[in-house]
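The values are calculated or read from the model by the stated rules, or taken from the named source; none is laboratory data. Predicted, not measured: the structure shown is a model, and the values here were computed from it. Cβ atoms come from the backbone with ideal geometry, glycine included; neighbour counts cover every protein chain shown.
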Amino acid sequence: MPSPKDVKIYKNWCKRCGICIAFCPKKVLEVDRDGYPFLKDNQSCNGCGLCELICPDFAIVVDYEEDRVTSGE
Ligand code: SF4
Ligand code: SF4
């Protein structure tokens, strides 16, 4: 599994439901002072992508460290 560099939250779309926080298997997402999730510990995030998959509003995206695979053209 590729290691994540960051987990981005798109606040315009996030409705602060907390689902991503509740389901993160590593418990590395926390609520900021405004109620939005943020990645507290990217060393412990395993890059599973569950937060991205489970968000009903497509408001959270896992940003992976590795370069994108190119087509070789
Ligand atoms: S699941 Fe999506 S909408 Fe809900 S708090 Fe997380 S990022 Fe925001
Ligand atoms: S990628 Fe997995 S471990 Fe990392 S924040 Fe999302 S749900 Fe948690």
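When residue 49 is tested against (1) surrounded by 13 or more Cβ atoms within 10 Å (Cβ to Cβ); (2) touching a residue at least 24 places away in the same chain (Cβ under 8 Å), only condition (2) is not met. Among the conditions (1) under 18 Å from residue 64 (Cβ atoms); (2) in contact with a helix residue (DSSP H, G or I) (Cβ under 6 Å, 6 or more places away or on another chain), the only one that residue 23 does not satisfy is (1).
Can you say whether residue 54 is exposed (fewer than 15 other Cβ atoms within 10 Å of the Cβ) and β-branched (Val, Ile, Thr), as far as the supplied structure shows? Spelling it out, residue 54 is indeed exposed (fewer than 15 other Cβ atoms within 10 Å of the Cβ) and β-branched (Val, Ile, Thr).
Of the residues contained in segment 10-23, none is found to be away from ligand 1 (no atom under 11 Å from the Cβ) and either buried (at least 16 other Cβ atoms within 10 Å of the Cβ) or touching a residue at least 60 places away in the same chain (Cβ under 8 Å) (or both).
Of all positions in segment 25-32, none carries a residue that is more than 11 Å from ligand 1 (Cβ to nearest atom), modelled with pLDDT under 95 and hydrophobic (A, V, I, L, M, F, W, C). If the condition is being exposed (fewer than 13 other Cβ atoms within 10 Å of the Cβ) and either in contact (Cβ under 8 Å) with a residue 24 or more places away in the chain or of a type outside the set (Lys, Arg) (or both), then segment 31-44 contributes 32, 34, 35, 41, 43, 44.
The single condition among (1) at pLDDT 95 or above; (2) at positive phi; (3) within 14 Å of ligand 2 (Cβ to nearest atom); (4) out of contact with any helix residue (DSSP H, G or I) (no Cβ under 9 Å at 6 or more places or on another chain) that residue 47 does not satisfy is (1).
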